[in-house]
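K.L.:
Could you have a look at this structure, given as structure tokens, before my questions?
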Amino acid sequence: MPLTSGRLRVDRVMGKANWLLCGLVLATIAAAGAGAKAFADEEPSAPVTSPEAHAVAQAVTAAELARWGRERGDAGALIMAARLLAEVPVRQGEGAAPILTPGRLLDEAAALSPGNETLLAAIDRLREPLTRGVRSSSFGAGPVFTVKQLRARENWTFEVDARDGEVLRVAAIGDGDTNIDLAIRNTQGAVICRDGFGDHYPVCTVSPRPGGKMQVNVQNRGDVWTSIQVLSN
């Protein structure tokens with residue numbers, strides 16, 4: 001009997017120990033799970049690219065295609081550039097009318113096609129739908145544009161408000177006379193994006209976190225004045 005009682009006491013003690021061990025394991029798993037969830041919740045989400053930011057990229061693509069067409073005397077490339085650009089709605093900012101428009105690109109295409117009645121007729125048929133404005137677009141309200149004239153070697157600096165968690169995209173499209181450089185600085189003055197590849201349509205894409213004021217610097221690298229059209233979402 002004493003032996004049986006002792007065995008029972010051992011079993012009870014071991015049972016309590018096992019329950020305690022199981023409890024500690026479950027508590028550890030629960031804590032690890034909670035910690036993992038908390039860590040996952042704290043991980044920053046991927047920045048959102050707004051429809052307007054996509055629109056800036058398409059406008060730059062149109063500018064690149066137009067340059068390619070001018071260099072090769074290819075009217076078809078200029079027509080396609082006009083079609084790309086016509087899909088992008090824009091909102092008027094400061095300055096004059098935009099320097100890069102579907103109508104002007106079609107004019108250039110026509111100038112490259114003297115005597116080609118078939119192509120000239122096709123250009124004329126495109127004019128009205130391409131130049132009357134965007135009626136329905138997947139690019140939202142469209143980027144804001146500002147037109148500025150810069151003297152030779154002149155710098156122009158302005159501020160934009162970047163939204164938290166959203167990609168900021170800025171492009172500076174020149175009239176083709178000179179090369180344009182573009183840089184974006186954060187509130188501490190550090191350069192977070194620079195495009196100085198020696199062309200006239202630099203573009204910068206940044207993902208500021210958090211949002212806030214950003215300083216944009218545009219520089220005319222040439223020896224003559226030039227017009228630039230700045231687009232930003």
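K.L.:
For the stretch 155-165, indicate whether the set of residues that are modelled with pLDDT of 90 or more, out of contact with any Phe, Trp or Tyr (no Cβ under 6 Å at 6 or more places or on another chain), part of a loop (DSSP other than H, G, I, E, B) and not aromatic (Phe, Trp, Tyr) is non-empty.
P.N.:
No, there is no match, as no residue in the stretch 155-165 is modelled with pLDDT of 90 or more, out of contact with any Phe, Trp or Tyr (no Cβ under 6 Å at 6 or more places or on another chain), part of a loop (DSSP other than H, G, I, E, B) and not aromatic (Phe, Trp, Tyr).
K.L.:
Answer with yes or no whether Arg70 is over 21 Å from Gly174 (Cβ atoms) and part of a helix (DSSP H, G or I).
P.N.:
no
K.L.:
Scan the stretch 98-107 for residues that are more than 25 Å from the chain's Cα centre (by Cα) and crowded, with 18+ Cβ neighbours inside 10 Å and jot them down.
P.N.:
Selection gives Leu106 alone.
K.L.:
Given (1) hydrophobic (A, V, I, L, M, F, W, C); (2) open to solvent by 40 Å² or more (accessible area, probe 1.4 Å); (3) outside any loop (DSSP other than H, G, I, E, B), identify the lone condition not met by Ile184.
P.N.:
Here Ile184 clears every test but (2).
K.L.:
I'm trying to understand the selection: among the residues of the stretch 204-233, which are open to solvent by 50 Å² or more (accessible area, probe 1.4 Å) and assigned to a strand (DSSP E or B)?
P.N.:
Thr205, Lys213, Gln215 - these are the residues of the stretch 204-233 that are open to solvent by 50 Å² or more (accessible area, probe 1.4 Å) and assigned to a strand (DSSP E or B).
K.L.:
What's the number of the only condition in (1) of a type outside the set (Lys, Arg); (2) open to solvent by 40 Å² or more (accessible area, probe 1.4 Å); (3) in a helix (DSSP H, G or I); (4) touching a residue at least 12 places away in the same chain (Cβ under 8 Å) that Glu94 fails to meet?
P.N.:
(3)
The values are calculated or read from the model by the stated rules, or taken from the named source; none is laboratory data. Treat the numbers as computed from the prediction; the structure is a model and nothing was measured. For neighbour counting, all protein chains shown are included, and Cβ atoms are generated from backbone atoms with ideal geometry for every residue, glycine included. The area values use the complete protein model at the heavy-atom level, side chains included, leaving out ligands, DNA and RNA. Shrake-Rupley method; radii C 1.70, N 1.55, O 1.52, S 1.80 Å.
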